[in-house]
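Below is one structure, written out as structure tokens; the observations come after it.
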Amino acid sequence: MNTDLKCIGCGAYIQTKDKEKAGFVPASALKNDEDVLCRRCFRLKHYNETEDIELNEDDFHRMISDIRSQSGIVVHIVDLFDVDGSLLTNLPRLVGNKEIILVGNKVDLLPKSTNHRKLSQWLRGISNSAGMKVKEVLLISSTKGLGVDQLKGSIEKYRENKDVYVVGTTNVGKSTLINRLIQDTTGDRNIITTSYFPGTTLGFIEIPLDDSTAIIDTPGIVNKNQMVHFVSDQDLKVITPRREIKPRVYQLGSDQTLFLGGLIRFDIISSYDNSYICYLSNELKIHRTSLSNADDLYKKHKGKLLSPPDEETMVNFPQMKESTFKITKDYTDLVIPGLGWITIKNGPATVRVHYPEGTSVSLRESFTKDGR
Ligand SMILES: Nc1nc2c(ncn2[C@@H]2O[C@H](COP(=O)(O)OP(=O)(O)OP(=O)(O)O)[C@@H](O)[C@H]2O)c(=O)[nH]1
Ligand SMILES: [Mg+2]
């Protein structure tokens with residue numbers, strides 16, 4: 001049976017035939033209630049367990065492309081902890097020519113010292129250079145409710161009585177934001193399913209704004225390069241920051257190595273005595289050693305002292321690749337999408353990074369306050 005009924009938690013069409021597919025509910029559990037929760041959402045909500053469903057990247061892309069033919073504006077959410085991994089530079093191509101409000105979510109994770117005005121300017125700068133024309137740039141925290149009223153104001157200003165599509169990469173906090181909006185209006189909490197697993201929302205979820213228009217939660221676009229796709233559920237908990245990040249500063253010269261768990265190895269090939277400021281989940285351990293000792297340490301302690309990766313992650317963990325970066329400018333960030341970044345305070349320096357094949361590392365100009 002495939003009805004027009006949708007799961008209130010994830011937006012998947014409800015069906016009673018196939019346990020492996022999205023929207024499954026046992027026929028016996030299907031009552032005439034208006035709000036139905038599929039089995040997967042039920043498990044996520046109550047046990048924090050996820051079930052894999054047969055949807056791939058193309059399915060998610062196809063769903064989002066449906067927006068092209070609709071009228072409305074787009075609220076593009078990016079994760080401030082992972083801007084490089086979550087900014088959809090192909091957004092205009094995906095959703096058509098629509099007005100875009102760019103929202104940096106999870107501002108609560110950044111150190112309190114972060115200069116918000118400069119961060120917004122920086123975000124606008126990179127979206128401009130990606131060819132995206134945005135009406136406004138806002139910083140919010142969906143979990144804490146920061147900046148949400150201002151966002152509501154902007155939405156009303158630009159939507160001109162049209163629908164509002166909330167679009168972004170998976171895990172940036174789209175559903176959490178919409179839950180916050182629902183809570184502010186009706187007082188109901190956590191209506192839509194949210195989780196730290198990628199791919200939580202599986203279909204469009206329309207929440208009425210008035211009699212004729214709605215704000216629409218959409219499934220997240222999958223970015224295969226993000227670290228989240230390479231680690232176990234347990235490791236995902238370790239690498240995902242939940243509280244304000246406490247930057248960890250290392251004073252290092254040439255021939256030193258930092259291990260970020262066992263996921264990343266960061267070698268300093270040449271540098272004057274310099275500050276390396278690590279912005280990572282507070283739970284992710286950093287080990288410092290000499291470059292000459294690094295190979296041995298990794299061989300002996302990978303998956304143990306140097307973890308994550310834990311045993312489960314190790315099973316499918318890719319080979320390590322390495323890239324060398326020459327840093328010329330002060331306050332350059334070495335970014336590892338989904339894991340965080342290391343700010344290199346002074347150039348020049350040469351660093352070599354070992355990272356799992358399939359993920360990526362890159363450089364950017366730093367936006368942290370200390371960097372200005
Ligand atoms: N620290 C912090 N975490 C947040 C914030 N907003 C969302 N999260 C967390 O980010 C994770 C993903 O949130 P969701 O709302 O499920 O993200 P989504 O964009 O709807 O994800 P998909 O449905 O997979 O596309 C959850 O663990 C949330 O608690 C925020 O403002 N701050
Ligand atoms: Mg969602």
I'd like the full set of residues that are among the polar types (S, T, N, Q), within 7 Å of ligand 1 (Cβ to nearest atom) and in a helix (DSSP H, G or I), limited to the range 163-214. Ser175, Thr176
Those residues that are open to solvent by 50 Å² or more (accessible area, probe 1.4 Å) and of a type in the set (Val, Ile, Thr), I need them from the range 157-190; list them, please. Thr185, Thr186
Between a residue in the range 187-209 that is of a type in the set (Ser, Thr, Tyr) and within 13 Å of ligand 2 (Cβ to nearest atom) and any residue that is part of a strand (DSSP E or B) and open to solvent by less than 50 Å² (accessible area, probe 1.4 Å), which pairs come within a Cβ distance under 8 Å, given they are 6 or more apart or on different chains? Thr201/Asp217
Kindly evaluate Val134 against the criterion of being more than 7 Å from ligand 1 (Cβ to nearest atom), part of a strand (DSSP E or B) and in contact with a Ser or Thr (Cβ under 7 Å, 6 or more places away or on another chain). no
For the range 241-269, how many residues meet the condition of being out of contact with any Lys or Arg (no Cβ under 8 Å at 6 or more places or on another chain) and either open to solvent by 40 Å² or more (accessible area, probe 1.4 Å) or at positive phi (or both)? 9
Pick out the one residue from Val164, Val228, Val238 that is touching a residue at least 24 places away in the same chain (Cβ under 8 Å) and away from ligand 2 (no atom under 16 Å from the Cβ). Val238
Selection from the range 332-355 of residues at pLDDT 95 or above, more than 23 Å from the chain's Cα centre (by Cα) and not aliphatic (A, V, I, L, M) yields Thr350, Arg352
I'm told Ala27 meets every condition in (1) touching a residue at least 24 places away in the same chain (Cβ under 8 Å); (2) loosely packed, with under 15 Cβ neighbours inside 10 Å; (3) under 30 Å from the mean Cα position of the chain (by Cα) except one. Can you identify the failing condition by its number? (3)
Given Leu202, Leu209, Leu151, which one is out of contact with any helix residue (DSSP H, G or I) (no Cβ under 7 Å at 6 or more places or on another chain), closer than 25 Å to Glu54 by Cβ and surrounded by 18 or more Cβ atoms within 10 Å (Cβ to Cβ)? Leu202
Residues of the range 215-237 classified as of a type outside the set (A, V, I, L, M, F, W, C) and assigned to a loop (DSSP other than H, G, I, E, B), total: 8
Just checking, how many residues over the range 79-112 are within 13 Å of ligand 1 (Cβ to nearest atom) and in a helix (DSSP H, G or I)? 8
Of Ser195, Ser281, which residue is open to solvent by less than 50 Å² (accessible area, probe 1.4 Å), of a type in the set (Ser, Thr, Tyr) and closer than 30 Å to Lys326 by Cβ? Ser281
Which is open to solvent by less than 50 Å² (accessible area, probe 1.4 Å), over 22 Å from the mean Cα position of the chain (by Cα) and closer than 21 Å to Thr240 by Cα, of Leu297, Leu306? Leu306
Give Gly72, Gly104 a once-over and let me know the one that is open to solvent by less than 30 Å² (accessible area, probe 1.4 Å), of a type outside the set (Val, Ile, Thr), away from ligand 2 (no atom under 16 Å from the Cβ) and touching a Phe, Trp or Tyr at 6+ places or on another chain (Cβ under 9 Å). Gly72
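The values are calculated or read from the model by the stated rules, or taken from the named source; none is laboratory data. In this text the structure is predicted, and so the values were computed from the model without any measurement. No Cβ is skipped: glycine too gets one built from the backbone with ideal geometry, and neighbour counts run over all protein chains shown. Quick note on the areas: whole protein, heavy atoms, side chains included, nothing else; ligands and nucleic acids left out. Shrake-Rupley method; radii C 1.70, N 1.55, O 1.52, S 1.80 Å.
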